[in-house]
Amino acid sequence: MRQLLLDWGAARPQTLDNFVEGRNAELLSLLRLIAERKASSLDQRFVTLWGHAGAGKSHLLQALATTPGALLLTNQSASRDFLWSADRPLYLLDDVDELAPHRQQAAFALFNQVRDAGGVMVVATRKPPAQLSLREDLRTRLAWGLVYPVHGLSDEEKIDALSKSARARGLSLSPGVLPYLLTHFRRDMQSLSAMLDALDRYSLETQRPITMPLLRELLQLGDTNTLP
């Protein structure tokens with residue numbers, strides 16, 4: 001029998017269009033303005049996104065990172081990347097609350113450079129600026145701009161989004177498949193969407209409908225196969 005290679009992490013590229021909006025309509029509208037280089041029309045060019053792990057903050061930053069002239073920064077980025085460049089008018093900082101002290105200093109300096117040069121900066125963190133354990137000057141800077149919570153989806157909203165995706169692709173899912181998936185697999189939408197892709201492939205591979213037994217079998221394969 002052919003071995004099925006499962007790669008839960010290789011989900012589709014992150015875009016603003018495939019982010020499930022939920023209660024984040026206003027935020028998505030703002031980020032689209034930034035992606036379309038219309039941020040100069042905004043009063044504020046600094047945006048802080050905050051929310052729990054899995055809410056979609058990194059998805060949004062990775063989507064913006066495809067914008068020409070954008071640079072995505074993390075705690076692992078090189079120090080030279082925290083310097084303003086006219087070729088990089090959009091800076092994206094992920095997991096700001098996890099920045100090491102020297103990275104916090106570099107982020108503070110970059111914030112001032114972006115402000116003076118008329119650029120745009122979008123940062124992501126798990127808490128609103130007032131609750132962050134960062135150096136005071138950086139925490140204060142983050143609170144200057146627009147601050148948006150990224151609202152995660154409820155289980156019902158996740159099931160609804162996955163059901164719509166399945167219907168759009170002509171997939172027929174047996175009752176109980178999606179609720180079971182939510183309680184026995186990763187709960188972020190990127191992983192859940194990747195699993196829906198894997199179910200589609202495995203259903204075609206085995207010539208079997210997408211039912212609870214097929215899902216359980218696929219989850220077991222995921223535990224035993226070597227991921228590529």
Q: As a check on your grasp of the helix formula, calculate [θ] at 222 nm for the chain: sum -39500 (n - 2.57) over DSSP H runs of n ≥ 4, divide by the residue count, round to the nearest 500.
A: -13500 deg cm²/dmol
Q: Using only Cα atoms, locate the centre of segment 111-145 and the centre of segment 43-78, then give the distance between them in Å, rounded to an integer.
A: 12 Å
Q: Rounded to the nearest 10 degrees, what's the angle between the helix 212-224 long axis and the longest principal axis of the chain, both from Cα atoms, 0 to 90?
A: 60 degrees
Q: Give the percent of DSSP beta bridges with both residues in segment 12-150 that are antiparallel, rounded to the nearest 5.
A: 5 percent
Q | Long-range HN-HN contacts of G54 with modeled amide H, under 5 Å | A | none
Q. Per residue, what accessible area does the chain have, given a 1.4 Å probe and all protein chains present, in Å²?
A. 52 Å²
Q | Cβ-based net charge around A70, under 11 Å, with every Lys or Arg adding one and every Asp or Glu removing one | A | +1
**Q.** Hz values of 3J(HN,Hα) by residue in segment 126-136 - Karplus curve (6.51, -1.76, 1.60), Gly and Pro given as x
**A.** 8, 10, x, x, 4, 9, 7, 9, 10, 4, 4
**Q.** Under 5 Å, built H, 5+ apart or other chain: amide partners of V150
**A.** W50, G51
Q.
Please report the accessible area of W84 (heavy atoms, 1.4 Å probe, ligands and nucleic acids excluded) in Å², nearest 10.
A. 70 Å²
Q: Give, as a single signed number, the net charge of other residues whose beta carbon lies under 14 Å from the beta carbon of S154, with Lys and Arg counted +1 and Asp and Glu -1.
A: -3
Q. If Lys and Arg each add +1 and Asp and Glu each add -1, what is the summed charge of the other residues whose beta carbon sits under 13 Å from the beta carbon of E21?
A. 0
Q: Heavy atoms only, probe 1.4 Å: what % of the accessible area of the chain goes to carbon and sulfur, would you let me know?
A: 50 percent
Q.
Heavy atoms of the protein only, probe of 1.4 Å, neighbouring chains included. What is the accessible area of L146 in Å², nearest 10?
A. 50 Å²
Q: Pull out a ≥ b ≥ c, the square roots of the eigenvalues of the alpha-carbon gyration tensor of segment 84-198, then state rounded if a/c is under 1.5, prolate if not and a/b is larger than b/c, and oblate in the remaining case.
A: prolate
Q | Using alpha-carbon coordinates, inclination of helix 155-168 to the longest axis of the chain, degrees | A | 70 degrees
Q | FRET efficiency, 1/(1 + (r/R0)^6) with R0 41 Å, evaluated for A25 and R208 via beta carbons | A | 0.60
Q) Ordering T211, T125 by how much accessible area each has at a 1.4 Å probe, largest first, what is the list? A) T211, T125
Q | Probe 1.4 Å - accessible area at S154, Å² to nearest ten | A | 50 Å²
**Q.** Of (i) 19.0, 57; (ii) 20.2, 62; (iii) 17.4, 67, the label for Rg and Dmax of the Cα atoms in Å derived from the coordinates
**A.** (ii)
Q.
Under a Cβ-only charge scheme (Lys and Arg +1, Asp and Glu -1), can you give me the dipole magnitude of the chain about the Cα centre, in debye to the nearest 20?
A. 140 debye
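The values are calculated or read from the model by the stated rules, or taken from the named source; none is laboratory data. Model, not experiment: these values are computed from the prediction. Don't worry about glycine lacking a Cβ; one is built from the backbone with ideal geometry, like all the others, and counts go over all protein chains shown. Accessible surface is based on the protein model in full, side chains and every heavy atom, while ligands, DNA and RNA are left aside. Shrake-Rupley method; radii C 1.70, N 1.55, O 1.52, S 1.80 Å.
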